[in-house]
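Q: Before we start, here is the structure in question, set down as structure tokens.
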Amino acid sequence: MIIGIPSFVENILQRLSDNGYEAYLVGGCIRDILMGRSPKDWDITTSAMPDEVFKAFYDKSVVATGERYGTVTVIYPEGKAEVTTFRSEGAYSDGRHPDWVRFERTIEEDLSRRDFTINAIAWNRGKGLIDPFGGIKDIGQGLIRTVGNPEDRFREDGLRMIRAVRFAANLDFSIDKLTLTAVEQLAGMIPMISAERVRQELFKILIGPNPSYGIKTMLETGMIKFVLPEILATVGFEQNNPHHDKDVFEHTLCVLEQTPDILHIRLAALFHDAGKPYSYTLDDKGIGHFYGHNEKGAEIAVKALKRLRCSNKIIKQVALLVDYHMRHYGSNERSKLKRLISEVGKENIFDLLSLQKADAMCKKKQKLIAAAAEMESTVRDIIAKNEPVNIEDLAINGDDLKHIGFKPGVQMGQILNGLLDCVIEEPGLNKKESLIHIAQTKCTGQITD
């Protein structure tokens, strides 16, 4: 089989070979090539020890990215590749790192330590494809299967259970029955894994092409209890509302699929209705309502993302979108949308509208979809015309007010907010002379002597 690779990768393989070492492309890059995809990363496994790789590439930039585990990164102007010594490894008792790493002598021993058959394929020009565990066949059948006994692989590193779901969701594969059974039996190991590693795999599922498949599979295998316990209450929770024909969980999965593959928007979709089971009331007509579910959902999102040790930036972004996802929902009133832009910020408004549009698409009320599109069009027009939405957009500032006799302090802030209200309703008033006149005529009692 002819495999095309970049010249710098070819050069790394050839130089290792010229120095007397075996070297192969391995793992995800070979899997992607066999699937007709363009690899994002290049991984090479070799019989050379890390210090020998340094010597072989004396004239290149080589970084010790994981030398203890046999990995260095060789950097060329055109790109970089991770080069790892043939190895086997022990269990991840701390949930982060293997207990031991042993450098091996053959490619077959190295491949035997890998998680799934589709990632246990190696190649070089001399020997071609090396596939001792049937990974090529599994790629052809669209199957995720562990290398060897699945219980052994998952006991070595419980993160592999979430990785199985991630590969299945992102590649549109199914999970082998024995592998799936082992996940169901060993899901309780997940709390032993570090939150950072769990988060990394979860986020790859969420921004992938089929996030709902991943979340649903975690539910079916019991992993959701340990990965995302905060959304368990939504499963099977009927809404009893004419706007909905799905329970809260199924609606959430629908919204997740309709949002763009941007992490904080997908996370907001995941948590946007998480507060509904805690905000449910039933009126005398038997219709369900969820007053305040957005605030409760934001609170749940913050708790979950802190548990997953996310950055403060992403926690704030997600909480904002969840909290505001019902604000002015379906309203195309220009002044209200300006105030919404002011509250969430121009940097967040289109993310919020993406979430609202996805939410509308997953409801029974078709007119909400049209309303969401109209809102987006109006917001774009407001921003394109630079219509004032913040105090900073006013044609006057505090210094101008001081110049005509107003004292700094709370009252001045109230005056500026009042002027903003005026120009939000009538953008044409946003001229210095007009605003000074309004301030003087409406606020004369606050001018100092």
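Q: With the structure loaded, tell me whether Glu257 is in a helix (DSSP H, G or I) and closer than 15 Å to Ala304 by Cβ or whether it fails that test.
A: So Glu257 does not fit the description; no.
Q: OK, next. Suppose we filter the range 139-175 for residues that are part of a loop (DSSP other than H, G, I, E, B), touching a Ser or Thr at 6+ places or on another chain (Cβ under 9 Å) and either among the small types (Gly, Ala, Ser) or open to solvent by less than 30 Å² (accessible area, probe 1.4 Å) (or both); how many remain?
A: Residues that pass the stated criteria total 3.
Q: Yes or no: the range 254-275 includes at least one residue that is of a type in the set (Gly, Ala, Ser) and open to solvent by 30 Å² or more (accessible area, probe 1.4 Å).
A: Among the residues of the range 254-275, not one is of a type in the set (Gly, Ala, Ser) and open to solvent by 30 Å² or more (accessible area, probe 1.4 Å), which makes the answer no.
Q: I'd like to check something: does the range 180-194 contain any residue that is open to solvent by less than 10 Å² (accessible area, probe 1.4 Å), within 23 Å of Ala269 (Cβ to Cβ), part of a helix (DSSP H, G or I) and small (Gly, Ala, Ser)?
A: No, because not a single residue in the range 180-194 is open to solvent by less than 10 Å² (accessible area, probe 1.4 Å), within 23 Å of Ala269 (Cβ to Cβ), part of a helix (DSSP H, G or I) and small (Gly, Ala, Ser).
Q: Show the residue pairs that are 6+ apart or on different chains and have beta-carbon atoms under 7 Å apart, the first residue being within the range 393-411 and of a type in the set (Lys, Arg), the second being part of a loop (DSSP other than H, G, I, E, B) and exposed (fewer than 14 other Cβ atoms within 10 Å of the Cβ).
A: Here the result reads Lys402/Pro408; Lys407/Thr448, each pair linking the range 393-411 to a residue that is part of a loop (DSSP other than H, G, I, E, B) and exposed (fewer than 14 other Cβ atoms within 10 Å of the Cβ).
Q: Just one of the numbered conditions (1) over 17 Å from Asn124 (Cβ atoms); (2) within 33 Å of the chain's Cα centre (by Cα) is not true of Tyr58; which one?
A: Here Tyr58 clears every test but (2).
Q: Ok, one more. For Thr234, work out the one condition from (1) open to solvent by less than 20 Å² (accessible area, probe 1.4 Å); (2) under 17 Å from the mean Cα position of the chain (by Cα) it doesn't fulfil.
A: Of (1) open to solvent by less than 20 Å² (accessible area, probe 1.4 Å); (2) under 17 Å from the mean Cα position of the chain (by Cα), only one is false for Thr234: (2).
Q: Hey, another quick one. Here is a check on your reading of the model: is Glu250 at pLDDT 95 or above, of a type in the set (D, E, K, R) and open to solvent by 60 Å² or more (accessible area, probe 1.4 Å)?
A: Yes.
Q: Same structure, new question: In the range 278-285, is there at least one residue being among the polar types (S, T, N, Q), part of a loop (DSSP other than H, G, I, E, B) and either open to solvent by less than 10 Å² (accessible area, probe 1.4 Å) or out of contact with any helix residue (DSSP H, G or I) (no Cβ under 7 Å at 6 or more places or on another chain) (or both)? Give the steps one after another, and end with the answer.
A: Restricting attention to the range 278-285, the residues satisfying the condition of being among the polar types (S, T, N, Q) are 279, 281.
Among the residues that remain, those that are also part of a loop (DSSP other than H, G, I, E, B) are: 279.
Among the residues that remain, those that are also either open to solvent by less than 10 Å² (accessible area, probe 1.4 Å) or out of contact with any helix residue (DSSP H, G or I) (no Cβ under 7 Å at 6 or more places or on another chain) (or both) are: none.
Within the range 278-285, none of the residues are among the polar types (S, T, N, Q), part of a loop (DSSP other than H, G, I, E, B) and either open to solvent by less than 10 Å² (accessible area, probe 1.4 Å) or out of contact with any helix residue (DSSP H, G or I) (no Cβ under 7 Å at 6 or more places or on another chain) (or both).
Yes or no, residue by residue, for (1) within 21 Å of the chain's Cα centre (by Cα); (2) part of a helix (DSSP H, G or I); (3) over 30 Å from Ile190 (Cα atoms):
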site: Ala301; (1), (2), (3): yes, yes, no
site: Lys316; (1), (2), (3): yes, yes, no
site: Leu320; (1), (2), (3): yes, yes, no
site: Tyr329; (1), (2), (3): no, no, yes
site: Ser342; (1), (2), (3): no, yes, yes
site: Lys357; (1), (2), (3): yes, yes, yes
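Q: Among (1) out of contact with any Phe, Trp or Tyr (no Cβ under 8 Å at 6 or more places or on another chain); (2) open to solvent by less than 60 Å² (accessible area, probe 1.4 Å); (3) modelled with pLDDT of 90 or more; (4) part of a helix (DSSP H, G or I), where does Ser377 come up short?
A: (2)
Listed here are the residues, each with its yes/no results for (1) more than 27 Å from Glu201 (Cα to Cα); (2) at pLDDT below 95.
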position: Cys254; (1), (2): no, no
position: Leu320; (1), (2): no, no
position: Glu343; (1), (2): yes, yes
position: Ile349; (1), (2): yes, no
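Q: Just checking, how many residues over the range 48-66 are closer than 18 Å to Asn19 by Cβ and touching a helix residue (DSSP H, G or I) at 6+ places or on another chain (Cβ under 8 Å)?
A: Residues in the range 48-66 being closer than 18 Å to Asn19 by Cβ and touching a helix residue (DSSP H, G or I) at 6+ places or on another chain (Cβ under 8 Å): 6 in total.
Q: Here are Gly292, Gly288, Gly297, Gly330: which of them is in contact with a strand residue (DSSP E or B) (Cβ under 9 Å, 6 or more places away or on another chain) and touching a residue at least 12 places away in the same chain (Cβ under 8 Å)?
A: Gly288
The values are calculated or read from the model by the stated rules, or taken from the named source; none is laboratory data. Note that the structure is predicted; figures quoted are calculated from it, not measured. Note that each Cβ is placed from the backbone with ideal geometry, even for glycine, and that neighbours are counted across all protein chains shown. Calculation scope for accessible area: heavy atoms of the full protein, side chains included, ligands and nucleic acids excluded. Shrake-Rupley method; radii C 1.70, N 1.55, O 1.52, S 1.80 Å.
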